[in-house]
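Read the structure below first, then the notes.
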Ligand code: GLY
Ligand code: MN
Ligand code: MN
């Protein structure tokens, strides 16, 4: 069913090398003191119902530093005899469990396949970690993930034993390492970009397939299923966030995920769906007319959003503030809505965050970082000032206009009733200008009108 579409994908990229993970670990330890201990735990399973769990997804920080994706694991960095040592506590080999749940790499697999110096069975965690903690002064711990680890750290801090009294040993402070790791994750390496390009290409083709399958009477969940089935077919682990598939007035609900309605010929559908590949997210939104031809009002709004998106992408340049794309998009949207007679204020008044009318129809931000998390880590305003864009940063550009005729808080212009348009691409900042990772996804009016309803 997907063979032809799949053939358009490039080969899957090589996985990140062990050496690169070690380099990331070194960049982290370069910011630590020799008497620090850093602990990252994998999150617990989330229950779907009764004894059924959701697909397991480990923490992005663990993926970033080790590539280790197994559950019930703890990663520790500590300094011993002049060198930083990396350790993983992992699920022990257990034949019965492996018969039921799947093979486990175990201690040997962890050291053999992953960039860590040593591994332990996780049932040794308490004893081993307690002894390491006595040699640490400062512990970096992301709390609230693994209560057993939190308890060990807390009791090590509180302990008032002879060793502490005589030698002052034991930790005296606990800090969150998230900020330091986030700063590393914010700038993507060439290998990370390769993974993101693949995730983006998979999602681009998936959106095109949904366009091609669109016709009057198709349901939102049918289009969702095509998109998500292609993610799996192409080797992605699934979606990077729950797919938003809304036609008609549902397109005016920013994070609509019910996806149960049937599409009418005169409606626009908005699909916001991205694939996750080796932990990396893509995040694409496209909006198109179910009939395959924009009506005049639909086209007016689509053109305007597209112009604003292109202006925002042009602002994705090294040295620009991360807010520049948002400002560019807002200005184009405000000018356009004034021209269309939707906004009766002047541009500056329309842009005003308190009293401007633009925010009635465009109420969200234009960008977020994207990487191992779809809303990726990295402080937007370090020290209160907007971050300046640097090569390797990746962000989305996703302006939209939403005319929900159902909304009691606004007078929706009749001409645009229940038109919801968002256009979202993922952009890499380079010194040569913006690179659109999701550029394969059809976007121009001509491309969309030539594709919608036309099977491959
Ligand atoms: N899909 C969520 C977002 O675009 O941020
Ligand atoms: Mn997004
Ligand atoms: Mn999105």
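Just so it is clear, none of the values below were taken in a lab; they were calculated from the coordinates. Keep in mind it's a predicted model, so treat the numbers as computed, not measured. Here the Cβ positions follow ideal geometry from the backbone for every residue, glycine too, while neighbour counts run over all protein chains shown.
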**Prompt:** Mind checking the log10 I(q)/I(0) for the stretch 85-198 at q = 0.14, 0.21 Å⁻¹? Debye, one equal scatterer per Cα, no solvent, two decimals.
**Reply:** -0.82, -1.19
**Asked** Taking 0.36 nm per residue of separation and subtracting the Cα-Cα distance, what length does fully extending residue 307 through residue 180 add?
**Response** 42.0 nm
**Item:** Using a Förster distance of 56 Å, the FRET efficiency for residue 258-residue 33 (Cβ separation, nearest 0.05)
**Value:** 0.65
**Prompt:** For residue 410 and residue 148, what does the FRET efficiency come to when R0 = 51 Å and r is the distance between their Cβ atoms, rounded to the nearest 0.05?
**Reply:** 0.50
**Complete:** Rg/Rh of the stretch 164-239 (Cα atoms, Kirkwood Rh), to two decimals, equals 1.39
**Message:** Quick check: pseudo-label points 7 Å beyond the Cα along Cα→Cβ at residue 121 and residue 349, how many nm apart are they?
**Reply:** 7.5 nm
**Prompt:** Where in the stretch 254-268 does the amide nitrogen come within less than 16 Å of the point 7 Å from the Cα of residue 340, taken along Cα to Cβ?
**Reply:** 267-268
**Message:** Rounding to the nearest 10 and keeping the result within 0 to 90°, find how far the Cα-based axis of helix 147-158 lies from the longest principal axis of the chain.
**Reply:** 50 degrees
**Asked** Among rounded, prolate and oblate, which fits the chain when a ≥ b ≥ c are the square roots of the eigenvalues of its C-alpha gyration tensor, a/c under 1.5 means rounded, and a/b larger than b/c means prolate?
**Response** prolate
**Item:** Label point distance in nm, residue 379-residue 3, each placed 7 Å from Cα along Cα→Cβ
**Value:** 5.5 nm
**Fill in**
For the chain, the longest principal axis of the Cα atoms and the Cα long axis of helix 324-339 enclose an angle in degrees, to the nearest 10, of 20 degrees
**Prompt:** What FRET efficiency, computed as 1/(1 + (r/R0)^6) with R0 = 35 Å and r the Cβ-Cβ distance, is obtained for residue 158 and residue 47, rounded to the nearest 0.05?
**Reply:** 0.65
**Asked** What is the spin-label model distance, in nm, from residue 225 to residue 431 if the labels are put 7 Å beyond Cα along the C-beta direction?
**Response** 5.1 nm
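Provide the packing ranking of 23-29, 5-11, i.e. peptides ordered by the mean count of other C-beta atoms within 10 Å per residue, highest first. Walk me through the numbers before you get to the answer.
Working: 23-29: 17.1, 5-11: 12.0.
Those peptides, ordered most packed to least, come out 23-29, 5-11.
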**Cα centroid of the stretch 1-23 to Cα centroid of the stretch 164-214, whole Å** = 17 Å
**Message:** Run lengths n ≥ 4 of DSSP H only: what is the helix-derived mean residue ellipticity at 222 nm for the chain, with -39500 (n - 2.57) per run over all residues, to the nearest 500?
**Reply:** -10500 deg cm²/dmol
**Prompt:** Which shape class applies to the stretch 1-117: rounded if a/c is under 1.5, otherwise prolate when a/b exceeds b/c and oblate if not, where a ≥ b ≥ c are the square roots of the Cα gyration tensor eigenvalues?
**Reply:** oblate
**Request:** Would you work out if the stretch 225-364 is rounded, prolate or oblate? Take a ≥ b ≥ c from the square roots of the eigenvalues of the alpha-carbon gyration tensor; rounded if a/c is under 1.5, else prolate when a/b is larger than b/c, oblate otherwise.
**Result:** oblate
**Item:** Between the stretch 305-375 and the stretch 220-254, the alpha-carbon center distance in angstrom
**Value:** 25 Å
**In degrees, nearest ten, helix 296-314 long axis to first principal axis of the chain (Cα)** = 40 degrees
**Message:** Test of understanding: what is the full-extension gain from residue 11 to residue 388, defined as 0.36 nm times their sequence separation minus their Cα-Cα distance?
**Reply:** 132.3 nm
